[in-house]
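Let me give you the structure first, and then I'll get to my questions.
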Amino acid sequence: MACVSVPGVLAPSLASSRRVARRVSGARAARVTSTVRAPSAPLGARRASPLARPRAARRAPRVSAASEEDLEKTLGASIDETFGDKARSAFSQSASSSRNEETIDWRSIGKYFAATATQAAVMIYLTNWLSVGIVRSDFTPAIQKTIVGFWFLFNALRSRVFSPLNASRPKTSDEKTAIAQRKRPSWMPPPLAFPVIWSSIALLRAFSSVAVFTVTGTLNHPAIFAMLAHLSIGDTWNSINNVEKRLGVACVGVSVVLLSVYNVVFQYLRVDRTAGFLIAPSAVWISVATVLVWTIWNINPREDGTREPLAPMTRRA
């Protein structure tokens, strides 16, 4: 009696498994078109009783072409779906990264320079016009000094009206909201101290400018121009910090404001020591404010842990 060996019966199943494995690994195998049949037993074994066959031969599964194709389609669809989703996800992340790529906003930089220069030019022109009118008038020196004092007090408090930008200053109520949004160092003065400090500095700017006018007899002087330029730079910084909320750019801006006030102190000292000493507290306070702004920038990183850029940035489309 001839018997069929187990490897001979399972050979089609093993071959099908290898084809499925090649499909999973990415290789495109030729689709099976022929029906998988179990190997024929010898002629003498066909007439033998089924009971005479070995148990392994009777229990060997028969794999049809239809079941094999269904298995391949199922596995192939699952693989295509998995790798397709990953490819689409990678592509979307790449596209999102390209859209969110930041580049320097040169337009904003040009806007800051143009606004500062325009405001300074307008204020210098009006101050020269006022100077000519005062000198040619028959006003007493006391009245002339009073006019100059009010003019510079107005500029110290409301110079932003000459700025092309929105250079509004924060209110005390808004400062409380800003504190809730950003961390502040423990040594920062309370919000109520800022109006008092800036009002005092405005008076010192007016008195020191009157002292310069008393010595020079005119407002057409480099020291006066330095003061007007300092006010213009400060208004541009107000727009960057208070309106646009660009904390990194505000750090660079407040450093420029600090340099401009040092220049004012130097120019006023050259004209009159009293004028220089009167404006010096302004330089001291702005020095403290500069350290404060840089500290706030350092302790308030973005969501990804990085610091806000020091240059104005825009997202590339």
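Please treat every number below as a calculation from the coordinates, not as lab data. Since the structure is predicted, the reported quantities are computational estimates derived from the model, not experimental observations. Here the Cβ positions follow ideal geometry from the backbone for every residue, glycine too, while neighbour counts run over all protein chains shown.
Just grab the label-to-label distance for residue 117 and residue 285, each label 7 Å out from Cα along the Cβ direction, in nm (one decimal).
Inter-label distance under the simple model: 3.1 nm.
Another question about this same structure. Relative to the present Cα-Cα distance, how much length would full extension add between residue 308 and residue 215 at 0.36 nm per residue of separation?
That works out to 28.9 nm of additional length.
Right, next: Mind ranking 244-252, 188-196 by how tightly packed they are, going by the mean number of other C-beta atoms within 10 angstrom, highest first?
With the highest mean Cβ count within 10 Å placed first, the list reads 244-252, 188-196.
Using packing as a proxy for protection, rank 230-238, 119-127 so that the peptide with the highest average count of other Cβ atoms within 10 Å comes first. Mind dumping the intermediate values first?
Numbers: 230-238: 24.8, 119-127: 18.2.
Highest mean packing first, the order is 230-238, 119-127.
Between region 102-162 and region 194-236, how many Å separate their Cα centres?
A separation of 10 Å, based on Cα centres.
What is the list of residues in region 209-248 whose amide nitrogen lies under 18 Å from a point 7 angstrom out from the Cα of residue 107, following Cα to Cβ?
Counting only backbone N, you get 240, 244-246.
Cβ neighbours within 10 Å, averaged per peptide: list 221-229, 285-293 in order, most packed at the top. Mind showing how you got there, number by number?
Details: 221-229: 21.2, 285-293: 16.6.
For the peptides 221-229, 285-293, the packing ranking is 221-229, 285-293.
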